[in-house]
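Down below is the structure, laid out as structure tokens.
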Amino acid sequence: MALTKIKKALEFGADKKALTLTDADALTLFGVLPTASGVSIGPSTALRVPAVACAVGLISETIGALPVKLYERASKAALTDHPAYRLVHDEANEWTSAAELRRDLTLDALLHGAGHAQVIRLADGAPYELHRLDPSRVQRDQDDYGEPFYRVSTDAGPVRLSYRDVLRVEAFGGVSPITLGREAIALALSFESHIGGLFANGGRPSGVIKSPKVLDVDAKKKLAASWFSTHSGSNAGGTAVLDEGMDYQQLSTTLADAQFAENRLEQVREIARVFRVPPTMLFELSRGTWSNTEEMARQFMQVTLKPWLTAWSWAYARCLLTPEERKTAYLEAVTDDLLTTDTAARATAYGQYRSMGALTANEVRAGLNLPPMAGGDTLENPYTTTSKDKAA
């Protein structure tokens, strides 16, 4: 199976151009991603970069935390009795919640290009459970008519599954962001390694001893050993006594002189571009202000999360709903919490919705996670309605 996978993967593009094993692109088949800096990038090495770990965790955990519900198109009512509702809102199986499955599959897509879950059905075809599949065990293929199917490697041998029985969520283009941005990630790792080496054990010589005479190798070693034994450790900062006209010159250098600080910040911005995350969401606040940080939080919803949530809605609908059910029902993530600003602005918005007759009192209370109250299902404007007899 592995040889077949490699053989198929060596053909790509519309013209089926063949790759050889000496081509750089072929190395990705074996989990090796060469970079100009010479650092190999994979899921585990990429997560060692704090900006990458922050972006991956931010996207996957946020998508997992957003509740998903099944609605009827006509009435917009939640279809809580449908078997798909439990799988997308409550629990994917007995040991995995629906939120955990969304988080894990999104994480697989960010690190490996796509996340998969198998749909376990009852005898009548109704969906019963969703089981996550290891990305390394899943291979997507298609038949002669272009219909996709999946080859899954199991302990009992390879299994072929229909596209209706595999929930698939993939990254942009089906390629992991860490693959597309491996050069930026590798450069960030190179900076970390270089700075770590530069400042190990003090990072640089703190000074230079100048001698008017030329010293041989043994004399230099003895002088260095004597200096370190006298002025290192607990003796650091003491008074130095130099003989034979020697002079001590202190050296100083800073990160700013080498432009390391700015270069490291630029790599954080570059990684933010790879994941399409606003830099302030990765705690790169050098250019962040109160106003643009709030705006970038909205951009995070519109630019970063919306494509993922759209993909999730369709993946759920394709596997958990029949074509007939998709005509009358749809799945959608509830993003109200992400779009909520401060309490005063939220109260003003709800007040305007009530005054224009767009929301009832109970709908406002539901948005505030409060129970309904008696008489709260009318659309009367509370700011103009009085207790007088309307007929009079």
Picking from 59, 6, 41, which residue would you name as being in contact with a helix residue (DSSP H, G or I) (Cβ under 9 Å, 6 or more places away or on another chain), buried (at least 17 other Cβ atoms within 10 Å of the Cβ), at pLDDT below 90 and over 19 Å from residue 130 (Cα atoms)? 41
All-but-one check, residue 143 against (1) under 22 Å from residue 323 (Cβ atoms); (2) at pLDDT 90 or above; (3) not polar (S, T, N, Q), failing number (2)
Region 341-378, residues that are of a type in the set (A, V, I, L, M, F, W, C) and at pLDDT 85 or above: 356, 358, 359, 361, 364, 373, 374
Is there a residue being crowded, with 17+ Cβ neighbours inside 10 Å, of a type outside the set (Gly, Ala, Ser) and modelled with pLDDT under 90 anywhere in region 9-18? yes
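The values are calculated or read from the model by the stated rules, or taken from the named source; none is laboratory data. The structure displayed is predicted, hence computed values, not measured ones. Note: ideal-geometry Cβ built from the backbone for every residue, glycine included; neighbour counts use all protein chains shown.
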